[in-house]
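Coordinate-derived values only; no laboratory data. All values derive from a computational prediction rather than experimental measurement. Note that we place each Cβ from the backbone using ideal geometry, even for glycine, and neighbour counts take in every protein chain shown.
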């Protein structure tokens, strides 16, 4: 990856770490309400078969969807908006793995989508300034009836 691409990636990751937080991938759903208050976000809960989607929209326009299994664990998160959400908060203990994998990928100019698949942990990140999208999920923790295509 050219130096400008690495600088952009590191800057984007650093910026993402300073934005309001949300529930943590692989952790308990109990933090969703605290996240809503902390980020001054509106929340909508949508029940689906064998899981629940907690949709939070921040005042800055970032939309985060947190997918919770019937047992109350966050098995997936997705986001879209003008800025990246706090990826360190969203990915929790998986953030370091994400960071290492992101730095090791050869992405020309740092502008192509970032796709990481490692031991059941998947992250897909793309977009450009003022229009970021992405998702992360734990394939081995998803309810068996859920397709990764449902994480959007």
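Listed values, structure above:
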{"quantity": "Residue 71 versus residue 117: modelled label distance in nm, points set 7 Å from Cα along the beta carbon direction", "calculated": "2.4 nm"}
{"quantity": "Backbone N within the stretch 68-91 under 14 Å of label point (7 Å from residue 52 Cα along the Cβ vector)", "calculated": "68-75"}
{"quantity": "Packing-based ranking, highest mean first, of 70-77, 41-48 given that Cβ atoms within 10 Å are counted", "calculated": "70-77, 41-48"}
{"quantity": "Inter-probe distance in nm under a simple model that places probes 7 Å from Cα toward Cβ, at residue 129 and residue 40", "calculated": "2.5 nm"}
